[in-house]
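Only one structure is covered here, and it is reproduced in the block below.
The values are calculated or read from the model by the stated rules, or taken from the named source; none is laboratory data. Every value quoted in this text rests on a predicted model; they were computed, and no experiment measured them. With ideal geometry, Cβ positions are generated from the backbone for all residues, glycine too; neighbour counts draw on all protein chains shown.
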Amino acid sequence: MADEGNYYVTTPIYYVNGAPHLGHAYSTIAADVLARHMRQRGRDVFFLTGTDEHGEPVAAAAEAEGITPQELADRNAPAFQKMVDRVGASNDFFIRTTDPGHIERVQQIVQRVHDNGYVYEGSYEGWYCERCADFKTEVELDEGETCPIHKTELVREKEENWFFRLSAFQEDLEKLYEEHPDFVAPDFRRNEALAFIKQGLRDVSLSRPKLTWGIPVPWDTEQVMYVWFDALLNYVTALGYAREGEDLTDAFWPAQMHVLAKDILKFHAVYWPAFLMAAGLPVPERMYIHGYLLLEGHKMSKSLGNTLDPDEVMDRFGADALRYYLMREVSFGQDGQVSPEGFETRYETELANDYGNLASRVLAMVDRYRDGVVPEAEPAPELVAAFDGVLDRVGTLLDSAEISKALDEIWDLVRRLNRFVEETKPWELAKEESSGDSLDRSLYSLTEGLRVVTQLLHPFMPTTTDRLLDQLAEPSRGLSELGSRPGGVSVRSGDPLFPKLD
């Protein structure tokens with residue numbers, strides 16, 4: 001577990017050609033868990049999210065509505081900001097790629113790439129997906145020249161434009177992957193990206209002559225930037241203007257972690273490091289590629305029309321329940337099914353019963369048997385053994401963005417505390433005057449264990465854990481070991497953390 005230095009984590013930036021859906025919430029929550037955990041460890045964190053507002057998908061959606069792309073962006077970007085706020089994200093900045101600060105810095109970096117000799121003028125012909133804003137290679141095509149993601153027929157496009165010499169970075173990228181085997185995770189996504197590189201890199205379009213909605217190429221204002229280079233640069237440009245009068249680039253670049261979905265793997269794992277090398281900038285340290293949330297067997301997508309509205313989920317279950325469910329139900333990094341029924345099951349069995357009922361029982365017993373004051377005692381040896389090393393285990397997993405596995409570690413302790421209640425039976429000990437020491441040890445151990453797991457759960461469920469830590473009279477939202485807080489503290493009961501569903 002590494003605690004050195006600053007920590008910069010990003011989500012992908014989200015297209016404004018439609019409303020936010022659960023997939024956007026998923027990426028945002030995952031990055032927020034990492035950001036909050038690293039703050040607990042005392043690291044100076046910068047967490048970035050935002051919206052991607054240029055390119056063909058946005059222009060096409062605006063045209064369909066009879067409005068300008070800027071009007072569409074101005075209307076839809078606040079919906080994403082609201083989504084980010086509502087899921088409880090603690091982001092330090094929300095970037096919009098129509099920000100003047102972003103546009104100015106994109107042009108500066110692209111000019112540097114040009115001046116370094118990695119741009120030339122030429123023609124290109126290939127199969128193009130408007131929804132992906134991507135030219136597909138032959139190996140990426142589905143049967144019948146269709147997009148493997150959107151299942152739509154691709155268009156054969158031929159363009160005269162500016163090109164980025166991606167092929168010049170073949171050896172550099174292979175060396176990057178060899179020397180930094182954890183650059184892309186999970187491993188099977190790393191292998192996928194490396195296989196794409198090893199098949200031989202072709203130069204890619206840097207500009208789009210048929211579009212007007214985008215950032216003008218600085219040396220050829222008749223063309224606009226290909227949206228992916230504009231979008232990827234947000235991770236660097238935001239640091240230059242996120243805090244007024246301050247440039248955070250030296251403090252936070254390169255990023256420690258990019259969180260993104262598998263459909264944009266190629267752009268991040270291949271194009272992005274090459275483009276940074278061409279500009280003379282360091283590459284990010286790591287990126288973690290998560291899978292799709294599947295509804296009825298298909299990826300949730302605006303274009304496929306199969307989405308779950310995160311607002312509807314949170315109206316019923318609350319933001320913390322959504323955060324928990326998404327990090328728990330689907331192993332982070334894999335595709336996984338989600339459903340309203342799955343929410344209800346996790347909510348009832350784990351949040352309401354395992355955790356909420358544990359908190360209610362422990363606090364009620366301290367109130368009933370010790371007048372609300374945690375007794376002075378030593379933690380039970382069996383719980384000391386269970387909790388031993390948990391901070392390092394969880395920290396190491398979250399260093400690698402293994403979010404679901406970290407939550408599994410914590411939840412094992414929640415269940416161990418529930419078993420400890422049944423093993424020690426404080427209500428039986430309270431009947432025997434001679435069992436006072438045993439009752440004190442049981443109640444102290446339970447209260448202390450509840451405090452430690454609640455701190456560990458804080459990045460996952462910040463609002464609920466704030467409330468419970470207040471009830472436990474714990475001012476710190478950091479991390480601490482079992483037994484590090486002595487007894488003598490007054491605690492209080494409260495309403496159920498997760499009320500039973502009607």
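Check Asp182, Asp203, Asp230 and return the single one that is among the acidic types (Asp, Glu) and in contact with a His (Cβ under 6 Å, 6 or more places away or on another chain).
Going through Asp182, Asp203, Asp230 in turn, the sole match is Asp230.
Do you know which of the residues in the stretch 185-238 that are assigned to a loop (DSSP other than H, G, I, E, B) and among the aromatic types (Phe, Trp, Tyr) is nearest to the chain's Cα centre (by Cα)?
Filtering first and then ranking leaves Tyr226.
What helices (runs of 4 or more DSSP H) lie completely within the stretch 370-450 and have 1 or more residues being farther than 20 Å from Gly478 by Cα and among the β-branched types (Val, Ile, Thr)?
403-424
Kindly list the number of the only condition in (1) at pLDDT 95 or above; (2) touching a Gly at 6+ places or on another chain (Cβ under 9 Å); (3) crowded, with 23+ Cβ neighbours inside 10 Å that fails for Trp228.
Single failed check for Trp228: (1).
Working carefully through the options Ser490, Ser442, find the one that is in contact with a strand residue (DSSP E or B) (Cβ under 6 Å, 6 or more places away or on another chain) and over 25 Å from Met38 (Cα atoms).
Only one candidate qualifies: Ser490.
Tally time: how many residues in the stretch 51-72 are surrounded by 13 or more Cβ atoms within 10 Å (Cβ to Cβ) and either closer than 12 Å to Ile13 by Cβ or touching a Leu at 6+ places or on another chain (Cβ under 8 Å) (or both)?
Matching residues across the stretch 51-72 total 10.
Can you tell me which condition Ser435 does not meet? The list is (1) out of contact with any helix residue (DSSP H, G or I) (no Cβ under 7 Å at 6 or more places or on another chain); (2) more than 19 Å from Leu497 (Cα to Cα), and all the others hold.
Of (1) out of contact with any helix residue (DSSP H, G or I) (no Cβ under 7 Å at 6 or more places or on another chain); (2) more than 19 Å from Leu497 (Cα to Cα), only one is false for Ser435: (1).
Of all residues in the stretch 245-303, which are among the small types (Gly, Ala, Ser) and modelled with pLDDT of 95 or more?
Across the stretch 245-303, the qualifying residues are Ala251, Ala255, Ala261, Ala269, Ala274, Ala278, Ala279, Gly280, Gly291.
Quick check on my filter: what residues within the stretch 416-434 are of a type in the set (S, T, N, Q) and modelled with pLDDT of 95 or more?
Asn418, Thr424
Mind telling me which of the residues Asn17, Asn76, Asn91 ends up being more than 20 Å from the chain's Cα centre (by Cα), touching a residue at least 12 places away in the same chain (Cβ under 8 Å) and not in a helix (DSSP H, G or I)?
So the residue among Asn17, Asn76, Asn91 that is more than 20 Å from the chain's Cα centre (by Cα), touching a residue at least 12 places away in the same chain (Cβ under 8 Å) and not in a helix (DSSP H, G or I) is Asn17.
Among the residues of the stretch 471-489, write down those that are within 27 Å of the chain's Cα centre (by Cα), more than 23 Å from Leu326 (Cα to Cα) and either among the charged types (D, E, K, R) or at pLDDT below 95 (or both).
The one that is within 27 Å of the chain's Cα centre (by Cα), more than 23 Å from Leu326 (Cα to Cα) and either among the charged types (D, E, K, R) or at pLDDT below 95 (or both): Glu481.
Those residues that are at pLDDT below 90 and part of a helix (DSSP H, G or I), I need them from the stretch 309-342; list them, please.
Pro310, Asp311, Glu312, Val313, Met314, Asp315, Arg316, Phe317, Pro340, Glu341, Gly342
Would you confirm whether any residue within the stretch 392-415 is more than 29 Å from Gln256 (Cβ to Cβ) and at pLDDT 95 or above?
The answer is yes; a qualifying residue exists.
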